[in-house]
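Contents: one structure, followed by commentary.
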């Protein structure tokens, strides 16, 4: 019977689901979550690592050895290291960012949480994040994990995506709407 879950229908989702199930069976979800976060931070900080992950020029053996060396220095758990070695061996390392995103989605669903993607013109401080989290929890009725990003082009305000819903209160959108309305007046 085919699953209706869009995450498990994608290649990245299948790998993420396999990692999640193994971690859950072994009682290592918190450790794997921490390892994934650490790998994601390394990926964000290193252009060389991003090139290794994305480039089809490197052989599977080269990618496997390089990822193994990087993970050995970072002291991630054996389960997580083996996962990344497997995806390198299977020539799927390019999809690691999508697998990480899918893993987080599966983990959040397991915890009864929803994830909100929030873009703001300036970084949000802890007080603003707490207020936003409380507002989103009241709106969704679930615990909310917030992933933030900064987009100076927004000028001000926020763009919040929770599931398929998007709330755009950015100044850029308000100015664009005003511009469209002004064109309709003349």
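Listed here are the residues, each with its yes/no results for (1) more than 20 Å from the chain's Cα centre (by Cα); (2) crowded, with 19+ Cβ neighbours inside 10 Å.
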{"position": "46", "(1), (2)": "no, no"}
{"position": "49", "(1), (2)": "no, no"}
{"position": "54", "(1), (2)": "no, no"}
{"position": "59", "(1), (2)": "yes, no"}
{"position": "63", "(1), (2)": "yes, yes"}
{"position": "70", "(1), (2)": "yes, yes"}
{"position": "81", "(1), (2)": "no, yes"}
{"position": "86", "(1), (2)": "yes, no"}
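The residues of segment 67-85 that are under 20 Å from residue 15 (Cα atoms) and either in a helix (DSSP H, G or I) or not assigned by TED's automatic domain parsing to the domain that holds residue 37 (or both), listed by number, are 67, 68, 71, 78, 79, 80, 81, 82, 83, 84, 85.
Would you pick out the residues in segment 86-105 that are outside any helix (DSSP H, G or I) and at negative phi? 90, 92 - these are the residues of segment 86-105 that are outside any helix (DSSP H, G or I) and at negative phi. Taken over segment 124-170, the criterion of being farther than 24 Å from residue 112 by Cβ, surrounded by fewer than 13 Cβ atoms within 10 Å (Cβ to Cβ) and touching a helix residue (DSSP H, G or I) at 6+ places or on another chain (Cβ under 9 Å) is satisfied by 153 alone.
Sub-7 Å Cβ pairs linking a first residue in segment 159-180 that is without any contact (Cβ under 8 Å) to a residue 60 or more places away in the chain to a second residue that is in a helix (DSSP H, G or I) and surrounded by 15 or more Cβ atoms within 10 Å (Cβ to Cβ), at least 6 apart or interchain, are 162/136; 162/140; 170/154; 171/154; 172/154, ordered by first then second residue.
The values are calculated or read from the model by the stated rules, or taken from the named source; none is laboratory data. Since the structure is predicted, the reported quantities are computational estimates derived from the model, not experimental observations. As a convention, Cβ positions derive from the backbone with ideal geometry for all residues, glycine included, and neighbour counts pool all protein chains shown.
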